[in-house]
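Contents: one structure, followed by commentary.
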């Protein structure tokens, strides 16, 4: 594997070609916050917490470090005014949906205890829609028993119809979900033997 | 059915068609685009068929169902050739008069002609109508001369000559160079140079390569791609074929939204015809070049117009965008190099190849060459599709072609670029329209939507409308777009209902900025544009809403109806028209509207003959204040 020289937060490091900025930073001991990332899964680029500022050819750009491949001579800054601004707002947005989960720690790091946004009513277990359970089931277990339903502000996680057949009850998705949503859904499946599409209640505007 | 095995075959067929076609023969062109179709143009066609039969004219007169002419405001449109008499709003009842007067005697039917709004005079010829006269109808002009179901109609007008030229006289590199030299920019939104995109796909290492037509047009009020795909599908296919030849692709897709049934039907029909004529398939026109096209029907998601989402959908997965740090031109459909362009972009290609890049670049501005089709809608007299050279001013489009604002009202703003575009205020009426100028004032070209708004429009309400649309149409994959739009919509709902506070405005601005910086795809990144552009030019309206006033008197929560005691005659007409019995008053004495019961439908104002009913705003403040303290937050 070819090695490339990149600069992250002023530190020049050697990164393997084909790896992401996030992976290279981690190798150099620089931690970038993530929510939807898991080394066992394909990069997804949905939570946007891992956004960093890159500079090449004297042009600056904000990118999701989990998806952005390292390039020769790339300059990366993981903490800038804009990056902080993004993470703060994202943490507040998630706090308005879900009071528990990995984002709470990120919020604390930025000194946020309470969101300025109105709370989104969600009677069931909170979910940040990071999609780890969906992707874990599809990519690692090859079962596709968990899916997204709906789009936009109506997006939610559900077990696919007949999931009791496809789901091998490995419960490995329990470990990837830090909000407890998936446990809730699976419990529901076990209660109802004939499973219709079990989506969580729609969130209200 | 003739199958062309060489360029000569096609040219011979072209000449044959021309020699068989008599340009002096009477022909009735009836617009059968979606707009006119909705106005029952099919019944007009039926009436013409019946009348021609009755007068034994079926042999000497042709009837043609054409694609959209663009002047949708006046549909159904009927044009009689060779006279070029243009009739507006034709009903089946008008047909017998047209046949006896125009077809039999060659005289125009005065009452069906277009009336000039300024002079009040009737205009006989189609080309003299200001709406058409001031356009440059390069791409769209053939729509009115073609039956979209007839490949011969297209060939008779020189169709597929560009393909023949490319295949027989040019190398793929020469075709690419020509398109690059023409500086054709993508008509779908971003305005990315098409030639550069083609080149990236052409030079990408992987095989096979794909080309795609993006006909997933979904902006509210925009329908130019639809009308082109419905009215002249062969022009798009020809452009795609030429592009595929230049790029080295042998497989192409037309992604059409399922909600465009006529576009789906006509595209599929055109592909079948092209296959039968040897213009698609193996060894096209004896050149050795193979190419096939498949139609993919979209399942109704706005976001699928985004290139990576569209490719996901063709692959059979949910149409959700993915990060494009490696461009789709290099790794797109099934991770293979894929060149995707919008309908209008492809339709430009045959013109460039036929007439040269230099000729093409002579139209428009140096950085935005050629023409652009806009869908001109909203508060404008001549609603319809207009094609103009880039660099024309907004004023020319709205006033010269569009005929100005109805009822003598004042223009307030123009919204361009679809939901993620921006609102341009009246002071920029003389702005020249091209990709860069629109971007500089905080809007964008987008695919060419142009919504004209008059003084009665509330700009906060407009922002709320577009944000609501985007909140429904976001795929929901990335956090800033999904939750950001939810919160933006909430705050806008609060502002329009008078329950927002000043800090909400600050939060809205901060959030908009973050969503713009951090969203995954172009939908999310541009989603705050309706807010940011209205804040930029109409901040005073936002501030008024915070004070409990809606200056345009649109937001229901901030307006009320009142009766002016000096003008009310006590006739009782408003009481009769009130559906909720919210008006009280004895006969011949001053009436009063009970605000707690009023649903603000406006029936009283419309029905009052003495202008005694007035709409007011700003008086709800105390009431709203009470609501806030009671605990909505």
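The values are calculated or read from the model by the stated rules, or taken from the named source; none is laboratory data. Everything quoted here is computed from the prediction, not taken from an experiment. Note that we place each Cβ from the backbone using ideal geometry, even for glycine, and neighbour counts take in every protein chain shown.
For the range A:85-103, the tally of residues that are within 9 Å of chain B (Cβ to nearest Cβ) and part of a loop (DSSP other than H, G, I, E, B) stands at 2. Among the residues of the range B:616-633, the one identified as at pLDDT 90 or above and loosely packed, with under 15 Cβ neighbours inside 10 Å is B:616.
The number of residues in the range B:118-129 that are more than 12 Å from residue B:83 (Cβ to Cβ) and surrounded by 13 or more Cβ atoms within 10 Å (Cβ to Cβ) comes to 4.
Kindly provide the set of residues from the range B:171-199 that are part of a helix (DSSP H, G or I), more than 22 Å from residue B:375 (Cβ to Cβ) and touching a strand residue (DSSP E or B) at 6+ places or on another chain (Cβ under 8 Å), ordered by number. Correct list: B:180, B:182, B:197, B:198. Restricting attention to the range B:29-50, does a residue exist that is surrounded by 18 or more Cβ atoms within 10 Å (Cβ to Cβ), more than 22 Å from residue B:74 (Cβ to Cβ) and touching a strand residue (DSSP E or B) at 6+ places or on another chain (Cβ under 7 Å)? Checked against the condition, which is being surrounded by 18 or more Cβ atoms within 10 Å (Cβ to Cβ), more than 22 Å from residue B:74 (Cβ to Cβ) and touching a strand residue (DSSP E or B) at 6+ places or on another chain (Cβ under 7 Å), the range B:29-50 yields no hits at all. Set side by side, the residues B:458, B:481 differ, and just one is in contact (Cβ under 8 Å) with a residue 24 or more places away in the chain, out of contact with any strand residue (DSSP E or B) (no Cβ under 8 Å at 6 or more places or on another chain), crowded, with 23+ Cβ neighbours inside 10 Å and more than 9 Å from chain A (Cβ to nearest Cβ), which is B:458. Scanning for something under 20 Å from residue B:306 (Cα atoms), surrounded by 24 or more Cβ atoms within 10 Å (Cβ to Cβ) and touching a helix residue (DSSP H, G or I) at 6+ places or on another chain (Cβ under 9 Å), does the range B:230-241 turn up at least one residue? Looking through the range B:230-241, at least one residue is under 20 Å from residue B:306 (Cα atoms), surrounded by 24 or more Cβ atoms within 10 Å (Cβ to Cβ) and touching a helix residue (DSSP H, G or I) at 6+ places or on another chain (Cβ under 9 Å). Residues that are away from chain B (no Cβ under 13 Å) and touching a helix residue (DSSP H, G or I) at 6+ places or on another chain (Cβ under 8 Å) within the range A:133-156 comprise A:133, A:136, A:137, A:140, A:141, A:143, A:145, A:146, listed in sequence order. Evaluating residue B:471 against the criteria (1) without any contact (Cβ under 8 Å) to a residue 24 or more places away in the chain; (2) over 27 Å from the mean Cα position of the chain (by Cα); (3) facing chain A (nearest Cβ under 9 Å) leaves one unmet condition, (2). The set of residues in the range B:133-152 being in contact with a strand residue (DSSP E or B) (Cβ under 8 Å, 6 or more places away or on another chain) and in a helix (DSSP H, G or I) consists of B:141, B:143, B:144, B:145. Residue A:128 meets the conditions (1) more than 11 Å from chain B (Cβ to nearest Cβ); (2) in contact with a helix residue (DSSP H, G or I) (Cβ under 6 Å, 6 or more places away or on another chain); (3) part of a loop (DSSP other than H, G, I, E, B) in every case but one. The failed one is (1). Consider residue A:50 carefully, then state whether it is within 13 Å of chain B (Cβ to nearest Cβ), under 17 Å from the mean Cα position of the chain (by Cα) and closer than 23 Å to residue A:2 by Cα. No, not satisfied. Take the conditions (1) in contact with a helix residue (DSSP H, G or I) (Cβ under 7 Å, 6 or more places away or on another chain); (2) surrounded by fewer than 24 Cβ atoms within 10 Å (Cβ to Cβ); (3) in contact (Cβ under 8 Å) with a residue 60 or more places away in the chain; residue B:419 misses just one of them, which is (2). Six or more apart or on different chains, Cβ atoms under 6 Å: show the pairs whose first residue is in the range B:497-525 and more than 10 Å from chain A (Cβ to nearest Cβ) and in a loop (DSSP other than H, G, I, E, B) and whose second is at pLDDT 95 or above and crowded, with 18+ Cβ neighbours inside 10 Å. Listed pairs, sorted by first residue: B:500/B:494.
Evaluating residue B:493 against the criteria (1) at the interface with another protein chain (Cβ under 9 Å from one of its Cβ atoms); (2) closer than 29 Å to residue A:37 by Cβ; (3) touching a residue at least 24 places away in the same chain (Cβ under 8 Å) leaves one unmet condition, (2). The residues of the range B:127-152 that are closer than 24 Å to residue B:268 by Cβ and free of Cβ contacts under 8 Å to residues at least 24 places away in the same chain amount to a single one, B:150. When residue A:23 is tested against the conditions (1) part of a helix (DSSP H, G or I); (2) crowded, with 23+ Cβ neighbours inside 10 Å, the lone failure is (2). With the structure loaded, tell me whether residue B:64 is over 20 Å from residue B:107 (Cβ atoms) and in contact with a strand residue (DSSP E or B) (Cβ under 7 Å, 6 or more places away or on another chain) or whether it fails that test. Yes; evaluated as a whole, the condition is true for this residue. Among residues of the range A:66-84 being surrounded by fewer than 20 Cβ atoms within 10 Å (Cβ to Cβ) and assigned to a helix (DSSP H, G or I), the one that is nearest to the other protein chains (Cβ to nearest Cβ) is A:82. Considering only the range B:200-229, state which residues are out of contact with any helix residue (DSSP H, G or I) (no Cβ under 9 Å at 6 or more places or on another chain) and either crowded, with 24+ Cβ neighbours inside 10 Å or outside any loop (DSSP other than H, G, I, E, B) (or both). Across the range B:200-229, the qualifying residues are B:200, B:203.
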